[in-house]
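Novice: I have a structure here, written as structure tokens, and I will follow up with some questions on it.
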Amino acid sequence: MTRTPLPALGEHSSAALLDFIEEQGFDPANLDKQLQGFGLTPLMRAALLGRDDLAAELLAHGVDIQARNSDGNNALWLVCVSGNGRLVQRLIDAGIDLD
């Protein structure tokens with residue numbers, strides 16, 4: 001399924017999310033775009049860092065929760081690396097693929 005790029009981040013985004021997007025080199029006009037290398041999206045990177053606040057905001061922006069990186073892992077696998085149980089549950093509640 002082809003997804004339409006998400007609208008640019010703007011006034012409805014926190015300073016923390018805007019800073020994160022800029023610092024990590026993500027495209028604020030397309031929050032589903034994967035970075036070169038491991039193919040992480042902003043949600044995957046936030047999950048890997050255990051950043052529940054950023055992940056919650058990204059989910060509210062409608063990011064693709066089912067996206068997978070170049071290794072075939074989704075944000076759920078990456079958050080397990082971080083050990084943030086609250087974020088694990090948030091992703092499960094949001095409907096992430098458990099397989």
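Novice: Kindly check whether there is at least one residue in the stretch 68-86 that is of a type in the set (Val, Ile, Thr) and part of a loop (DSSP other than H, G, I, E, B).
Specialist: Within the stretch 68-86, none of the residues are of a type in the set (Val, Ile, Thr) and part of a loop (DSSP other than H, G, I, E, B).
Novice: So which residues in the stretch 18-75 are over 21 Å from Gly85 (Cα atoms), among the hydrophobic types (A, V, I, L, M, F, W, C) and open to solvent by less than 50 Å² (accessible area, probe 1.4 Å)?
Specialist: Within the stretch 18-75, Phe20, Ile21, Phe26, Ala29, Leu31 qualify.
The values are calculated or read from the model by the stated rules, or taken from the named source; none is laboratory data. It should be emphasised that the depicted structure is a prediction, and the values quoted were computed from it without experimental measurement. Note: accessible area is taken over every heavy atom of the protein model, side chains too, but ligands, DNA and RNA are not part of it. Shrake-Rupley method; radii C 1.70, N 1.55, O 1.52, S 1.80 Å.
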